[in-house]
Structures are given as structure tokens and as C-alpha cells.
Amino acid sequence: MGAPFAEIAVSASVPEKPTPKEAPMRKLIVSIYATLDGRVDEIQDWALPYDDAAAARYHDDLLATSDGLLLGRKTYEVFAAIWPPRSGKLPYVDKINSMPKYVASTTLRDLQWENSRLIEGDVAEGVATLKQQPGQDLVVYGGQDLTHSLLEHDLVDEYRILVSPVLLGTGRCLHKDGARRVNLKLVDTTVIPPGVAVLTYQPAR
């Protein structure tokens with residue numbers, strides 16, 4: 001009768017192996033300019049007047065904790081045309097040029113911009129995989145169609161909306177007509193002088 005109790009005593013004294021901690025999932029941040037009435041089209045007409053040193057600091061801070069950009073086709077083509085020639089002008093521009101860029105497109109094939117790569121196959125699945133990989137935050141600049149797709153698949157962790165003091169009255173809205181409702185919680189507000197409000201929201205999950 002002694003052996004079984006001895007076995008129990010021995011097994012009870014063996015410490016359990018600690019459960020390995022899961023690495024935190026990368027956060028996906030949508031950074032987008034919008035007018036006070038929620039329009040996101042033709043931003044060069046109404047956002048550029050507020051594109052100054054304070055706005056540059058916003059982008060510096062955003063990209064300081066990021067190591068990947070997610071871009072739709074249109075945004076990629078615009079960025080690939082304007083940012084490489086401005087290399088060396090501003091720190092955030094150099095960061096954008098050098099950091100990995102993941103492009104959602106079914107038509108683009110030859111990506112000439114440094115460190116650019118296509119998201120192969122289903123975009124939502126590809127982005128979900130990127131979020132699970134080790135690294136810093138992923139940033140989506142603009143891109144209503146891409147943002148809408150990510151929102152529909154509950155992949156967006158934070159919205160940073162730069163609201164310009166303009167009522168445009170025309171153009172596409174931040175959220176597509178007919179899209180599902182998303183409840184958000186306001187987690188931060190900042191003002192970029194002379195009047196751009198940066199509203200930071202997270203989904204109320």
C-alpha cells in the first residue's frame with residue numbers, strides 16, 4: 001500500500017511547466033483625413049492648407065510605433081509618386097519610404113516603390129495573418145475601400161480621424177452608405193493648430 005502513496009507524493013511535488021505567454025497582436029490603426037461633415041474625397045483641396053510642422057509631428061508620432069503600412073491601389077499609386085522624390089525632407093517621409101508596404105490590389109503586379117509587396121489572395125485573411133506576426137503597429141493611410149473591407153471583417157483596432165474645419169457638402173463619406181453600424185469609444189483628442197482636431201476612437205467590442 002506504500003508505493004501508490006509515494007507515487008502520488010512524488011507527482012504532487014513536480015512543479016507544473018509555466019504556460020508560455022502569447023505575444024500581443026499587432027494593432028491596426030486607420031489614419032484618415034475628413035471634413036467636419038465626414039467627407040474624405042479630394043483632400044488636397046482642403047487638407048493641404050493645414051499640412052504644416054505640427055501635422056508632420058503627428059505623422060512622426062504615429063509612425064514611431066509602426067513598422068508596416070497597408071495601402072489600397074489608389075493610395076499606393078499616389079504615395080509612390082509623391083514620397084520617393086521627397087526623401088530626406090522630413091523624418092516621417094523617410095520612414096514611409098523605407099518601411100514595409102503591404103498593398104491590396106488585384107491589378108497591380110510590378111511594385112517599384114522600395115519595400116513594397118502585394119497581399120496575395122484574400123485581403124482580409126492576409127491582413128489577419130499580418131496582425132498575428134511579431135512587430136509593431138500597422139497603419140492604414142486613407143483608402144476608403146480598403147478601410148471599409150477591414151472594418152467589415154472587424155480588423156481595425158483604432159481610428160485616428162483628422163477633422164479639418166471645412167464643410168464640403170459633396171463627395172464620399174468616411175463610412176459607406178449601407179455599411180454595418182460600428183459603435184466606437186473616444187480614447188483621445190488632440191488639436192493640431194490652427195484647427196485640425198485629431199479624434200482617436202477604438203471599437204466598443
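The values are calculated or read from the model by the stated rules, or taken from the named source; none is laboratory data. In this text the structure is predicted, and so the values were computed from the model without any measurement. Here Cβ is always computed from backbone atoms with ideal geometry, including for glycine, and neighbour counts include all displayed protein chains.
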Practice item. Within segment 178-205, work out how many residues are touching a His at 6+ places or on another chain (Cβ under 8 Å) and farther than 17 Å from Leu155 by Cβ. Key: 0
Study note, to complete from the structure: Counting only residues in segment 192-205 that are without any contact (Cβ under 8 Å) to a residue 60 or more places away in the chain and not polar (S, T, N, Q), the one farthest from Leu146 (Cα to Cα) is identified as Ala197
Study note, to complete from the structure: Considering segment 78-100, residues that are in contact (Cβ under 8 Å) with a residue 12 or more places away in the chain, closer than 17 Å to Ile32 by Cα and not hydroxyl-bearing (Ser, Thr, Tyr), and then whichever is surrounded by the most Cβ atoms within 10 Å (Cβ to Cβ), we arrive at Ile96
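With the requirement that a residue be of a type in the set (A, V, I, L, M, F, W, C), farther than 17 Å from Ile29 by Cβ and in contact (Cβ under 8 Å) with a residue 12 or more places away in the chain, what does segment 158-191 give you?
To start, the set of residues in segment 158-191 that are of a type in the set (A, V, I, L, M, F, W, C) comprises 161-163, 166-168, 173-174, 179, 182, 184, 186-187, 191.
Next, only the ones that are farther than 17 Å from Ile29 by Cβ stay: 166-168, 173, 179, 191.
Result: Val166, Leu167, Leu168, Cys173, Ala179.
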Review point. Is it the case that segment 115-122 has a residue that's within 21 Å of Val30 (Cβ to Cβ), assigned to a helix (DSSP H, G or I) and polar (S, T, N, Q)?
Key: no
Point to revise | Which numbered condition Val166 misses (of (1) closer than 18 Å to Tyr50 by Cβ; (2) among the aliphatic types (A, V, I, L, M); (3) not in a loop (DSSP other than H, G, I, E, B)) | key: (3)
Revision key, fill the gap. Counting only residues that are at pLDDT below 95, in contact with a Gly (Cβ under 9 Å, 6 or more places away or on another chain) and either β-branched (Val, Ile, Thr) or buried (at least 17 other Cβ atoms within 10 Å of the Cβ) (or both), segment 125-148 contains a total of 5
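Step by step: first the residues of segment 28-77, then only those that are among the hydroxyl-bearing types (Ser, Thr, Tyr) and in contact (Cβ under 8 Å) with a residue 60 or more places away in the chain, then the one that is surrounded by the fewest Cβ atoms within 10 Å (Cβ to Cβ). Which residue is that?
From segment 28-77, those among the hydroxyl-bearing types (Ser, Thr, Tyr) are 31, 33, 35, 50, 58, 65-66, 75-76; that's our starting set.
Those left that are additionally in contact (Cβ under 8 Å) with a residue 60 or more places away in the chain: 31, 33, 35, 50, 58, 65-66, 75.
Working: Ser31: 20, Tyr33: 22, Thr35: 23, Tyr50: 18, Tyr58: 17, Thr65: 11, Ser66: 20, Thr75: 20.
Step by step, filter segment 28-77, then rank; the result is Thr65.
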Study note, to complete from the structure: Conditions (1) surrounded by 18 or more Cβ atoms within 10 Å (Cβ to Cβ); (2) without any contact (Cβ under 8 Å) to a residue 24 or more places away in the chain; (3) not β-branched (Val, Ile, Thr) -> Leu155 fails only (2)
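Yes or no: Thr106 at pLDDT 95 or above, β-branched (Val, Ile, Thr) and surrounded by fewer than 19 Cβ atoms within 10 Å (Cβ to Cβ)? Please lay out each step first, then the result.
Working: at pLDDT 95 or above: no; β-branched (Val, Ile, Thr): yes; surrounded by fewer than 19 Cβ atoms within 10 Å (Cβ to Cβ): yes.
Criteria not met by Thr106.
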